[in-house]
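**Student:** First, the structure itself, so that you have it in front of you.
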Amino acid sequence: MIIALAGRRVDAADSKEPRFPLVNVALVRERVRAMLKEQSATALVCAAACGADLIALEEAGSLKLRRRVVLPFERRRFRQTSVIDRPGNWGPIYDRILNQVDEAKDLVVLESMPEQDAYLAANHGILGEADIMAQQRRELVKAALVWNGESRGERDITEEFGNEARRRGWPVVEVSTLNR
């Protein structure tokens, strides 16, 4: 099973509404690992933002799954805007994983565009790469949402990922980032 994944980043230090509290990283790690095993995952396709993405990439690596990373723009810019701008020591994890994925020729960097459009394009890139991989390997594909289960409103990138996966007819599994 190829897993195409998207999810929440850890909450900003000044976040008023908890979506992925930093204190839940270990809990989410356990849940993501269990999901990958339960789904009999053979590969993971996602971005590499702090929180859900990097946790899933670490767990997939420890399970010896193939990992393909899709970034909306070049590595350094993504690191600044989506990795080290939140609490936690995500920078070294990102650097290590991206080096491994790049070495395996499984890093996809999309064309540069305005930031909001870039993240939506990355969603479509993740789903597209998962679809291609599933066809090549003759495996099924499933989407995974690692989130709090509630929309942030208009242009919620995680919600849009799930909606697009459903439009494609893919099953969607959800992993909660909250204590429930």
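The values are calculated or read from the model by the stated rules, or taken from the named source; none is laboratory data. Please read these numbers as outputs of a predicted model, since none were measured by experiment. Reconstructed Cβ throughout: ideal geometry from the backbone, glycine too, with neighbour counts over all protein chains shown.
**Student:** Can you find a residue in segment 35-45 that is aliphatic (A, V, I, L, M) and under 12 Å from the mean Cα position of the chain (by Cα)? Break it down stepwise before answering.
**Tutor:** So in segment 35-45, the residues aliphatic (A, V, I, L, M) come out as 35-36, 41, 43-45.
Cutting the leftovers down to under 12 Å from the mean Cα position of the chain (by Cα) gives us 44-45.
There is at least one residue in segment 35-45 that is aliphatic (A, V, I, L, M) and under 12 Å from the mean Cα position of the chain (by Cα).
**Student:** Turning to a different aspect of this structure: Need pairs with beta-carbon distance below 6 Å; first residue closer than 9 Å to LEU120 by Cα and within segment 150-168, second modelled with pLDDT of 95 or more; sequence gap 6+ or separate chains.
**Tutor:** Partner pairs satisfying both residue conditions: PHE161/ALA6.
Okay, residues lined up against (1) at pLDDT 95 or above; (2) farther than 26 Å from VAL25 by Cα; (3) over 16 Å from the mean Cα position of the chain (by Cα):
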{"position": "TYR94", "(1), (2), (3)": "yes, no, no"}
{"position": "VAL101", "(1), (2), (3)": "yes, no, no"}
{"position": "LYS105", "(1), (2), (3)": "yes, yes, yes"}
{"position": "PRO114", "(1), (2), (3)": "no, yes, yes"}
{"position": "TYR119", "(1), (2), (3)": "no, no, no"}
{"position": "GLU139", "(1), (2), (3)": "yes, yes, yes"}
{"position": "LYS142", "(1), (2), (3)": "yes, no, no"}
{"position": "TRP147", "(1), (2), (3)": "yes, no, no"}
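**Student:** Can you name every residue in segment 135-149 that is in contact (Cβ under 8 Å) with a residue 40 or more places away in the chain and not in a loop (DSSP other than H, G, I, E, B)? Before you say what the answer is, go through the steps one by one.
**Tutor:** First, pick out the residues of segment 135-149 that are in contact (Cβ under 8 Å) with a residue 40 or more places away in the chain: 137, 139-148.
Residues satisfying the conditions are ARG137, VAL141, LYS142, ALA143, ALA144, LEU145, VAL146, TRP147.
**Student:** A further question on this structure: Across segment 86-104, what is the total count of residues that are assigned to a helix (DSSP H, G or I) and either touching a strand residue (DSSP E or B) at 6+ places or on another chain (Cβ under 8 Å) or without any contact (Cβ under 8 Å) to a residue 40 or more places away in the chain (or both)? Please lay out each step first, then the result.
**Tutor:** Of all residues in segment 86-104, those assigned to a helix (DSSP H, G or I) come to 90-103.
Filter once more, so that each one left must be either touching a strand residue (DSSP E or B) at 6+ places or on another chain (Cβ under 8 Å) or without any contact (Cβ under 8 Å) to a residue 40 or more places away in the chain (or both): 91-93, 95-103.
The number of residues fulfilling the criteria is 12.
**Student:** If I go through segment 11-68 residue by residue, how many of them are surrounded by fewer than 20 Cβ atoms within 10 Å (Cβ to Cβ), among the acidic types (Asp, Glu) and either part of a loop (DSSP other than H, G, I, E, B) or in contact (Cβ under 8 Å) with a residue 60 or more places away in the chain (or both)?
**Tutor:** Selection size over segment 11-68: 2.
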